[in-house]
Every structure is written in structure tokens, then in C-alpha cells.
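The values are calculated or read from the model by the stated rules, or taken from the named source; none is laboratory data. Quick caveat: nothing in here was measured; it's all calculated off a predicted structure. Cβ atoms come from the backbone with ideal geometry, glycine included; neighbour counts cover every protein chain shown.
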Amino acid sequence: MKKHWLLPLLLLALLADLGFTYAQNMRLTLDGDMAAIVVPRADYAPVLHDPLGWRVLSTGAWYAAPNRFFSHLFMREYCLRVPLLLQAVVSPITSVYMALSLLNVVVQALLLYVLAWYATGTRRLGSLRLWVAMALLAPFFQVTGYNGQMAILNNAFTYNFFYAIPLLLLLVLLWPLFRAAYYRQPLRLGWARLGVMLVLTVVLTLSGPLIGGASLVVLAGVGLHVVQRRWGRPAAAWWRGAPWASLLVWGWLALWCVYSLYIGRHNTENLLTILPLAERYRLVPYGIFYQLTSKLGLPLLVLGCLANAWFVRRWLPATPTARRIGRLLRWLGWFALVYVALLPLGGYRDYRPLILRHDSILPITVGLMGFYALSASYLLRELPRPAVRWYRAGLVAMALVFTYADRRLERYNDNTCERRMLAVLARPGATPVVRLPEACTVLSWEPITNPNQSLTNAELLQHWRITQEYKPYYSGKQ
């Protein structure tokens, strides 16, 4: 492409999209798990004193989230420190929403960039192909619209520390391995990069609920592929010429995934709602049906991926790249099938009544987005001139559907009432317990009707300097 005006236009469009996303995030409420993790509440304190979960191995201890230390640590440090830094320029109440909104926008921008690496094979910010891929991906990030069906970034800020951020880091970790496999390039890892990858593996596997399971499914696929390629060779030739750096990274990742899943079995959160395994599997088909029929977003993304694969097969020569694209979609399909089949083993949560939800299927959604951008980028480069015009029109139509769905600045439950109640709490006064005049959520999932339910929240509000003293609160009559 020789249109020099296109790159700055794409840059402005993406900046405008991120700016609108920031404005949308500034309207979101503070979720009910935030204070419990940041302060932390007594049931979440043990994980911060046992980074690697050794107490589970040594004593068989049970406590909340034993395999999620790094997410808890990062969330705690960020939420305690960044709002206070921002108070140099904004009010204490605004600083909290700004800190969390800025983090979401930065994570979204980084996900766009990393997925565009995968789609184009380049990390050069001067590459027009990279920016086109990011523009293709941007509409899929939904704050309103299809968020409940295919959210990449959760509207409950807390969950992004456990889902989107670890998945972003996993993509960074796997990039050298993906590049070597997909582009048939030798894996070159210096000692410094290899060391970083090994450390990052430990951090990731002890960060979120998705990383261990998703990584093991990928590892199983890689293992089967290696066995298939080397099947029939003499035993002595199996390891001849093996890429030892790759084997070391994959083996280290597998070891820590298994360990993380093992100590995760001692998570007391899993005891809150117990549902028999057979019943969980019975719910999976209903979850699949709901995800694919509740709204247009996810099925449209799936259809876009299938259409791209069909266009590559029907309209373009069977080049090595075209064949790789077809294989990649098949691998993605197998990954989704195995991953969904394993989801019930992760336990049951009453807020995921059908097992599948936008957060639990996040690796599949991100995989579909990456394939869509990769295949669309290839089609834009290789299609003949008459066909590429029609194809561009189709891509624009796809983007417009998602952009229109996410057009609203705020959700039905924005934080207007919450901000008013925080302003009430911020007023100086000697009242030991504050009765809020309006019944809305304030750092909670539901309006708090008993001041004892707000004790941890009151600690965090005092730390954020929203209140000058410790002020438990409630809505309505006690």
C-alpha cells in the first residue's frame, strides 16, 4: 500500500476508539470484589503470604485462591498506589475511576498490538500492515453492546486482573514459539530471553484461573503434532535435532500448569457452590447454545472466521501460507472443543450458571479474533483488485455492526448514583455509621443494607482519602 495518508488515519481512528473506551470505562461502577482483594479481607490475606502455594503441599492447607498470588499482588499494589498518585491532578473520587479506566485502556491497546503481531508477523510500529490488523480488531472490544456475550475486558474491573491481563502476558510468552511453528522459522532464544520466559511462566501459571487449563490444551496439541511428525522414526532418532530451547519452555510451562491446577483444588472459593460433575456437563450444551444465540456478536465473529477461511481456499492459490491458515483454523476448532469439554472440571460458580460465559471462554474469543485479523490481512494482500474492493466493503460492514453495537457511552447501570453516594461519604462528620440516602451499589454487587457488610470497603475508602475517617455505611433502614 502506497497511500501515505492511510497510516495516520488509522492511528487517529484507533486513538479515537481508545478515547471513547476510556470515557465508557469512566462510567462503570466499582465491583463488589475489589475491596476484599485490595485491603485484603481476612479470607484473601493468606494467598499474599504464600506466593508459590507451598502451604498446600506441606500442610494440605485450604484458603482462597492459592494459585493466584501474582494477580492478587498486582491488583493490590496498583489499586492502593495509582489512585493516590492521580490525586495530584484530580479529586479522590475521580482518581479511583481514572486509575482503573486507564489500566483497561492500556491493556486493550496492548492486546490490539500483540494480536496484530500474530496476525502480521511484525512488531514494527511503522508497518502499515500492523495498523490495519489493529483496526480490524478494535471493533471487537465491547464495553456495552456485546460485552456480556464476548467481553475481552470485563466491566467488573477486578476480573481484568485475573483474566485479560494474564492472557495478554501468555500471548507475549507464546509468541516466539508460535512464530517458529507458524512461520517455519528456527527458534532463537538468547539466555536473557529464555530466563525471562521461564520466570514469566511461573508468574502466569500462578495468576489466573484460565492460564493453566488453556496452556495445557495448547501443550497437548503441540505434543500430538510432534508425535505425529516423528511417528515411525527409530527411537534413537526421536530426539535428534530437537529444539531444546523449545522443549525446555514447553516442559517448564507444563510442569507449572499442572502444579497450579493441583494447588487450585484447595481453593475454598470452590466450596461456596458445589454442583455434581455430571450436572455441570449437562449444562454445557445450554451454555454453548446461549453464547451463540443470545446476541449477534459471537456468532458473527465465528462466521467471519469461517468466511475468511473459505475465501482463502476458493479464491487464492494453495500456497504454503494459505495451507497454514486452513490448518490454523482447524487447530483453533480443536482447541475450542477440548477447552470447552474441560471447563466443567474447573468447578461451578453461581454467576456462571451455564458454565460458559464471556470470561470463561476468553481464550476462544481471543483466538477467533486473532485468526480473523490474520486471515483478513492475508486476503487484503493477496486478493486480485476487483475482489479486494468487495472484500474491503465486507470488512467495513463487519466493523460497523460491532461499532454500532458498542455506540452507547454508558450501560444501563452507570456509576452516577455511586459517585453521589461516595460524595455523601466524603462529607466531614462525626457519624460513626453513615446511612446513604439512595439505594445503589457502592463498592458492592448489591446495595448494602447492613453496615457490617461495608467494613472492608470503609477501610479502602479511607485509604483512598475519599473519607477522612473510618466510615461504615448502609442504604435504607438497618
- request: Could you tell me whether segment 403-421 includes any residue that is in a helix (DSSP H, G or I), over 33 Å from the mean Cα position of the chain (by Cα) and under 15 Å from Gly476 (Cα atoms)?
  value: no
message: When the residues of segment 71-105 are narrowed to those that are among the β-branched types (Val, Ile, Thr) and over 25 Å from Leu210 (Cα atoms), which ends up surrounded by the most Cβ atoms within 10 Å (Cβ to Cβ)?
response: Val96
message: Could you go through segment 450-459 and let me know if any residue there is in contact with a Lys or Arg (Cβ under 8 Å, 6 or more places away or on another chain), of a type in the set (A, V, I, L, M, F, W, C), surrounded by 14 or more Cβ atoms within 10 Å (Cβ to Cβ) and within 16 Å of Gly32 (Cβ to Cβ).
response: yes
- line: Of those in segment 396-449 that are over 21 Å from Ile37 (Cβ atoms) and of a type in the set (Gly, Ala, Ser), the residue modelled with the lowest pLDDT is Ala430
message: Checking the conditions here, which among Phe157, Phe178, Phe161 is in the same structural domain as Leu10 (by TED's automatic domain parsing), closer than 24 Å to Ser360 by Cα, among the hydrophobic types (A, V, I, L, M, F, W, C) and in contact with an Asp or Glu (Cβ under 9 Å, 6 or more places away or on another chain)?
response: Phe157
task: Would you please list the contacts, defined by Cβ atoms under 7 Å and residues six or more apart or on different chains, that run from a residue in segment 58-72 that is over 19 Å from Cys257 (Cβ atoms) and among the charged types (D, E, K, R) to a residue that is assigned to a loop (DSSP other than H, G, I, E, B) and at pLDDT 95 or above?
output: none
- prompt: Which residues, taken from segment 409-430, are within 19 Å of Met26 (Cβ to Cβ) and exposed (fewer than 14 other Cβ atoms within 10 Å of the Cβ)?
  reply: Leu409, Tyr412, Thr416, Ala423
- prompt: When Leu177 is evaluated against the numbered criteria (1) under 25 Å from Pro320 (Cα atoms); (2) within 19 Å of the chain's Cα centre (by Cα), which criterion, by number, is the only one it fails?
  reply: (2)
statement: Checked segment 308-319 for anything in a helix (DSSP H, G or I) and without any contact (Cβ under 8 Å) to a residue 40 or more places away in the chain; matches are Trp310, Arg313, Arg314
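Yes/no per residue for (1) among the acidic types (Asp, Glu); (2) closer than 30 Å to Leu137 by Cα; (3) surrounded by 13 or more Cβ atoms within 10 Å (Cβ to Cβ); (4) over 20 Å from the mean Cα position of the chain (by Cα):
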residue: Asn270; (1), (2), (3), (4): no, no, yes, yes
residue: Leu277; (1), (2), (3), (4): no, no, no, yes
residue: Tyr286; (1), (2), (3), (4): no, yes, yes, yes
residue: Ser294; (1), (2), (3), (4): no, yes, yes, yes
residue: Gly304; (1), (2), (3), (4): no, yes, yes, yes
residue: Val312; (1), (2), (3), (4): no, yes, yes, yes
- prompt: Among (1) touching a residue at least 40 places away in the same chain (Cβ under 8 Å); (2) part of a helix (DSSP H, G or I), where does Arg330 come up short?
  reply: (1)
message: On the basis of being under 20 Å from the mean Cα position of the chain (by Cα), part of a loop (DSSP other than H, G, I, E, B) and surrounded by 17 or more Cβ atoms within 10 Å (Cβ to Cβ), does Tyr348 make the cut?
response: yes
Candidates Arg313, Arg352, Arg282, Arg330 - the one that is in contact with a Ser or Thr (Cβ under 8 Å, 6 or more places away or on another chain) and of a type in the set (D, E, K, R): Arg352
- request: Go through the residues of segment 338-348 one by one and say whether even a single one is touching a Lys or Arg at 6+ places or on another chain (Cβ under 8 Å) and within 14 Å of Gly287 (Cα to Cα).
  value: yes
- line: Pro276 passes all but one of the listed conditions (1) touching a residue at least 40 places away in the same chain (Cβ under 8 Å); (2) under 30 Å from Arg55 (Cβ atoms); (3) of a type outside the set (Phe, Trp, Tyr); the exception is number (1)
field: Residue that is surrounded by the fewest Cβ atoms within 10 Å (Cβ to Cβ) [pool: residues in segment 54-70 that are more than 24 Å from the chain's Cα centre (by Cα) and of a type outside the set (Gly, Ala, Ser)]
entry: Thr59
